[in-house]
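*Asks:* I am attaching a structure below and will ask some questions about it afterwards.
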Amino acid sequence: MLRRILPSCVAVAECRGDAPEAALYPEEAALISTAAEARRREFTTVRHCARRAMRELGLRAAPVLPSRHGAPRWPDQVVGSLTHCPGYRGGALARSRDITLLGIDAEPHRPLPDGVLDAIALPGERRLVRARLARRGEVCWDRLLFSAKESVYKAWNPYTGQRLEFEDASIAFDPDAGTFTAHLLAPRPRLPAGAPPAPDLLEGRWLVREDVVLTAIAVPAPR
Ligand SMILES: CC(C)(COP(=O)(O)OP(=O)(O)OC[C@H]1O[C@@H](n2cnc3c(N)ncnc32)[C@H](O)[C@@H]1OP(=O)(O)O)[C@@H](O)C(=O)NCCC(=O)NCCS
């Protein structure tokens, strides 16, 4: 699924269930020693996916530990993103010479619980989602909007260090092309000298397969 919505320079790996052969490094295991079984399984399998993607990129497998805001820390000059939801785990990694921002998100393909759309959508997004649900109800557009915003955050936060609220990005889907755009509405972040500026607009792709909604954003490095 990820291969269909990310450029070929991005290494991807995914699982629909848990991988029995997946194992953790001691420093990873220490992070979830008191976690519930379901959390331990998603944490372990998604790291198995990350290491498959590392090898595909030509990197040695290594621990994947969280940074300040919870984003996975990658080797120098590498960007990446992880996601898990019931029945799906996935990882995507790229060299920063190819991709500067990378975010992926998987969600169960089910309507959002009552009240959540109102909490996460801007007024225009809410109107569009409700209109689409009425016309093309085979896609849970509310869940897709949520996933797109999570992908925005996962791409944006590691690059800029900025936290975003749900109203800080305005998402518009192309329902036929399987694409979306995200306009960033938050104040511009201050980046380290020499870093390519964070874009005002992110372009992503989306996909629904059976019980899973997947969104991905990969911003090409400036040439
Ligand atoms: C962090 C967050 C985006 C994770 O998304 P989620 O749908 O709950 O969970 P997923 O399973 O898809 O992804 C979890 C993985 O995201 C990654 N992640 C966590 N924090 C992250 C961050 N700040 N930046 C990038 N990736 C992050 C981690 O790898 C995590 O897995 P791990 O803990 O096993 O390593 C979400 O919990 C959150 O805090 N959202 C609020 C912020 C937001 O989305 N604002 C909207 C902006 S428009």
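Every read-out reported here was derived from the displayed coordinates using simple, explicitly stated rules and does not represent laboratory data. Predicted, not measured: the structure shown is a model, and the values here were computed from it. So basically every Cβ, Gly included, is an ideal-geometry build from the backbone, and we count neighbours across all protein chains shown.
*Asks:* Explain nothing, just the number: relative contact order of the range 11-94, from Cα pairs under 8 Å at least 6 residues apart, as a whole percent.
*Replies:* The value is 41 percent.
*Asks:* Across the chain, how large is the tail of the calculated P(r) beyond 23 Å, expressed as a percent of all Cα pairs?
*Replies:* Percentage above 23 Å: 46.
*Asks:* Ok, one more. About its Cα centre, what dipole magnitude does the chain give when the only charges are +1 on Lys and Arg Cβ and -1 on Asp and Glu Cβ, stated in debye to the nearest 20?
*Replies:* Its charge dipole is roughly 420 debye.
*Asks:* Turning to a different aspect of this structure: With contacts defined as alpha carbon pairs under 8 Å and 6 or more residues apart, what's the relative contact order of the chain in percent?
*Replies:* In percent, rounded to a whole number, it is 21.
*Asks:* May I pose another question? Along the Cα-to-C-beta direction of R3, a point sits 7 Å from the Cα; which residues of the range 56-76 have their amide N less than 20 Å from that point?
*Replies:* Answer for this model: 56-59.
*Asks:* Which distance in nm do the two modelled labels at A193 and R126 give, with both placed 7 Å along the Cα-to-Cβ direction?
*Replies:* Taking the two extended label points, one gets 4.6 nm.
*Asks:* Next up: Go through the range 13-97 and name the trypsin sites (Lys or Arg not before Pro) that are in a DSSP coil and have 11 or fewer other Cβ atoms within 10 Å of their Cβ.
*Replies:* R60, R68, R97
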